[in-house]
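Visitor: Sharing a structure with you now.
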Amino acid sequence: MAIKSLIKFFSNTPLMLMLRIGKLTKETCRTGFVLTAISEGIYDIMESGPATFEEIQKFFKSDFNPEGLRAWLDLGVSLGELKKSTNGYSIKGKLSKELIKPANDTWLAFLQVRTEVFYNFIINTPSMLKKKMQFEYSEAYGELVARSSRTLEPVLLDVVDNLIPKNNSYRLLEVGCGSGIYIKRACELNPLLTAVGLEVQQSVAEFARENIKAWSFEDRVAIENTDIRKYECKSDFDLVTFYNLIYYFPVDERIDLLKDLGKHLKPGGELILTSMCKGKDPSLSLMNLWTSMTDGYGPLPCPKQIHDQLKKAGYRKIKSEMLIPSFVLFRVIK
Ligand SMILES: C[S@@+](CC[C@H](N)C(=O)[O-])C[C@H]1O[C@@H](n2cnc3c(N)ncnc32)[C@H](O)[C@@H]1O
């Protein structure tokens, strides 16, 4: 190596910046590589052991551009996510090994939402604003978002456990039911409970319906593919739950919405609302950017705003609790 060239390179290069860029590039590539290897099924063929180059080609059902495939796999090797041996390619990296575990599916979805959905908002918000435009919500991501919001499941299952009476007939209305996991828990807690789960997105409603069937609760649970704003009011529910969707509504519509949620309750029935709130953490700022820039949605609330809006909607004796940082629960009685 020519020492003179090396000295010249280092004396003319902002070293700290170069190192920082190297680190950022590596982590960006790692995220893209691992998520793609999972979503394209490439890790499936490596799960039971190394896969040869020819086996991977066979999986692709194509021998088009072998150098391109080799380059892609070698990127995985240089990131430390794949290992290359005489037996072929195998999974090596910690991130890969953790994310392929079925138990970590919600965290896989959480990362996918941030890279496949939210990242677009980071890079395109200024140009959209210049054009006076908002992003359209894409149904294509409905199931992914529902899976990723299950990261809050350990906390919310505890909430359900404390809410549901263990006997007596009981009617639950769950608005924006996502996967239906909290309805499942409620059914397990009380054999006399019946529930309606509302889901505005067709694909998510189908996902919830399939889950409810797989859990054998279809006799006690109806999943309806409708918008809460269009759901006929019969005032026959003991409990209305509204977990993590207040930001799917513009701020100036939320008071009327909260008022209408109460109309579905019997006298003495309860409304439970949970929400992530604005915070300093970049992950919260990113979520706030997503909801603020999506057509028809609104910014993440802060606890005081929810409290004031519940009050304006006519509720008294408003109880609230911070379940984990920036994740708040409100409980009101009709
Ligand atoms: C962030 S997810 C939360 C899902 C679930 N409640 C949970 O906490 O895991 C919000 C869900 O509410 C649904 N949703 C949004 N607006 C709705 C509306 N107006 N009526 C019914 N469902 C709605 C969305 O389709 C989405 O599946």
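Visitor: I'd like to verify a number: residues in segment 67-117 that are small (G, A, S), in contact with a strand residue (DSSP E or B) (Cβ under 8 Å, 6 or more places away or on another chain) and assigned to a loop (DSSP other than H, G, I, E, B), how many?
Guide: Residues that pass the stated criteria total 1.
Visitor: Then there is this: Within segment 68-100, restricting attention to residues that are touching a helix residue (DSSP H, G or I) at 6+ places or on another chain (Cβ under 9 Å) and either basic (K, R) or at pLDDT below 95 (or both), which residue is surrounded by the fewest Cβ atoms within 10 Å (Cβ to Cβ)?
Guide: Here the answer is R70.
Visitor: Please go through segment 277-313 and give me each residue that is of a type in the set (A, V, I, L, M, F, W, C) and over 24 Å from P126 (Cα atoms), ordered by number.
Guide: Once the filter is applied, which keeps residues that are of a type in the set (A, V, I, L, M, F, W, C) and over 24 Å from P126 (Cα atoms), segment 277-313 yields C302, I306, L310, A313.
Visitor: Let me ask another. In the set I255, I272, I223, I246, which member is aliphatic (A, V, I, L, M) and either over 23 Å from S326 (Cβ atoms) or free of Cβ contacts under 8 Å to residues at least 40 places away in the same chain (or both)?
Guide: I223
Visitor: Moving on. Spot the failing condition for T125; the list is (1) touching a residue at least 60 places away in the same chain (Cβ under 8 Å); (2) surrounded by fewer than 13 Cβ atoms within 10 Å (Cβ to Cβ); (3) of a type in the set (S, T, N, Q), and only one is missed.
Guide: That leaves (2) as the condition not met.
Visitor: Sort out which residues of segment 267-296 are among the basic types (K, R) and in contact with a Ser or Thr (Cβ under 6 Å, 6 or more places away or on another chain), and write them in order of number.
Guide: Hits for segment 267-296: nothing passes.
Visitor: Of these, E153, E174, E199, which one is within 26 Å of S138 (Cβ to Cβ), surrounded by 21 or more Cβ atoms within 10 Å (Cβ to Cβ) and touching a residue at least 40 places away in the same chain (Cβ under 8 Å)?
Guide: So the residue among E153, E174, E199 that is within 26 Å of S138 (Cβ to Cβ), surrounded by 21 or more Cβ atoms within 10 Å (Cβ to Cβ) and touching a residue at least 40 places away in the same chain (Cβ under 8 Å) is E174.
Visitor: Let me ask something else. May I ask you to verify whether G142 is closer than 25 Å to N104 by Cβ, within 16 Å of the ligand (Cβ to nearest atom), modelled with pLDDT of 95 or more and surrounded by 14 or more Cβ atoms within 10 Å (Cβ to Cβ)?
Guide: No; evaluated as a whole, the condition is false for this residue.
Visitor: If G41 passes every condition in (1) out of contact with any Gly (no Cβ under 7 Å at 6 or more places or on another chain); (2) part of a helix (DSSP H, G or I) but one, which one does it miss?
Guide: (2)
Visitor: If you go through segment 236-247 one residue at a time, do you hit one that is surrounded by fewer than 16 Cβ atoms within 10 Å (Cβ to Cβ), more than 25 Å from the chain's Cα centre (by Cα) and within 14 Å of the ligand (Cβ to nearest atom)?
Guide: Checking segment 236-247: not a single residue is surrounded by fewer than 16 Cβ atoms within 10 Å (Cβ to Cβ), more than 25 Å from the chain's Cα centre (by Cα) and within 14 Å of the ligand (Cβ to nearest atom).
Visitor: Can you give me the number of residues within segment 201-222 that are away from the ligand (no atom under 11 Å from the Cβ) and outside any helix (DSSP H, G or I)?
Guide: Counting residues in segment 201-222 that are away from the ligand (no atom under 11 Å from the Cβ) and outside any helix (DSSP H, G or I) gives 8.
The values are calculated or read from the model by the stated rules, or taken from the named source; none is laboratory data. Bear in mind that the values here come from a model prediction, so they are computed numbers and not experimental data. Neighbour counts run over all protein chains shown; Cβ positions are idealised from the backbone, glycine included.
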